[in-house]
1. Just need a number here: residues in the stretch 12-50 that are more than 24 Å from SER77 (Cα to Cα) and either touching a strand residue (DSSP E or B) at 6+ places or on another chain (Cβ under 9 Å) or touching a residue at least 40 places away in the same chain (Cβ under 8 Å) (or both).
2. Among the candidates ILE163, ILE98, which residue alone is modelled with pLDDT of 95 or more, farther than 30 Å from ILE206 by Cβ and of a type outside the set (Lys, Arg)?
3. Pull out all pairs, ordered by first then second residue, where Cβ-Cβ is under 6 Å, the residues are six or more apart or on different chains, the first lies in the stretch 262-274 and is surrounded by fewer than 17 Cβ atoms within 10 Å (Cβ to Cβ) and among the hydrophobic types (A, V, I, L, M, F, W, C), and the second is outside any helix (DSSP H, G or I) and at pLDDT 95 or above.
4. Among (1) part of a strand (DSSP E or B); (2) surrounded by 24 or more Cβ atoms within 10 Å (Cβ to Cβ), which single condition is SER197 missing?
5. Anything in the stretch 57-87 that is crowded, with 23+ Cβ neighbours inside 10 Å and part of a helix (DSSP H, G or I)? List them, or say none.
6. Kindly indicate which of LEU47, LEU32 is more than 22 Å from GLY228 (Cβ to Cβ) and of a type in the set (A, V, I, L, M).
7. Picking from LEU153, LEU145, LEU165, which residue would you name as being among the aliphatic types (A, V, I, L, M), farther than 22 Å from ILE66 by Cα and free of Cβ contacts under 8 Å to residues at least 12 places away in the same chain?
8. Which one is nearest to the chain's Cα centre (by Cα) among residues in the stretch 205-241 that are more than 10 Å from LEU194 (Cβ to Cβ) and in a strand (DSSP E or B)?
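The values are calculated or read from the model by the stated rules, or taken from the named source; none is laboratory data. All values reported here derive from a predicted model rather than from experimental measurement. Positions of Cβ are backbone-derived with ideal geometry, glycine not excepted, and every protein chain shown enters the neighbour counts.
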Amino acid sequence: MNIREFDGELKFQNDGKLSLFFLGIGSAFSKLHYQNNLLIIKGDDSLLIDCGTVCPTAFYHYKSSIINVRNFLITHSHADHIGGLEEAILMGRYVTKIKPNIIITDEYKTCLWENSLKGGNAYGECVDGKTLEFEDYFEQIRPELISETPRPLYQAKVGGIDIKLFRTMHMPDSALSWKDSFFSYGVVIDERILFPSDTRFDLDMISWLYNKYPIEVIFHDCQFYSGGVHASYDELKRLPEEIKNKMYLCHYGDNYESFTPKNDGFAGFAQQGCYYDFD
């Protein structure tokens, strides 16, 4: 893997090799970084994982626009992951006249629309007494369930980008397993990269996927205190050295400079505005 600095204009195509670009790596409350939203680029294909409140601003910062996103994947319904989605789909309907694709299960589609997006997007038009629906804004890519144990595992493709989706144990903080948790998904990218998005510390999940796929790099969320709904730095420090050596920490708070992850066996902090290129 090669880490490459932003070169002046965010491009949605490349030479065909897998590349990840972190628009942001900050926590939901960060004021120093954009939120933890990730753009995958491979050849002519691209996929945005999550679209938080300031995601459209981040695209503007990188000399691009949210209207250039043609494929979305939303991992869960916190604002730092869906807060910019309304702008994206309204721009699609009224500016570009193009409906973006979204990788989403039927179950989570209902939840995302009814509990989050409907209030701001259903009532802009009314034809024959009918307001707008999810399908007026998105083309659904329905992932295929490929395994049910030890937890549901789904697969979807965006061109040459292979995505595996799995349930995570994110919220509430009292949940004893992913089964007790509200909808939240993690992602395996091209069977090479593990990106759990938001999760509490879940050794079973990490071990399962690390042993199932030839994982080269892990980008794991991290908080610098105990409790709450994210894996803590101290919990992640207890992972085996082999796993920590491949793990970059992301979704971190503004006090990150008080920590030295490389000294504790991690690969380091993920960096905002950098490409992570894979051969």
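1. Start the filter on the stretch 12-50 by keeping residues that are more than 24 Å from SER77 (Cα to Cα), which leaves 12-19, 42-45.
Now drop any that are not either touching a strand residue (DSSP E or B) at 6+ places or on another chain (Cβ under 9 Å) or touching a residue at least 40 places away in the same chain (Cβ under 8 Å) (or both), which leaves 12-14, 16-19, 42-45.
Total meeting the criteria: 11.
2. ILE98
3. CYS274/ILE3
4. Condition (1) is where SER197 drops out.
5. Result: ALA58, PHE59, ASP80, HIS81, LEU85.
6. Just a single option satisfies the conditions, and that option is LEU47.
7. Result of the check over LEU153, LEU145, LEU165: LEU145.
8. Filtering first and then ranking leaves ASP221.
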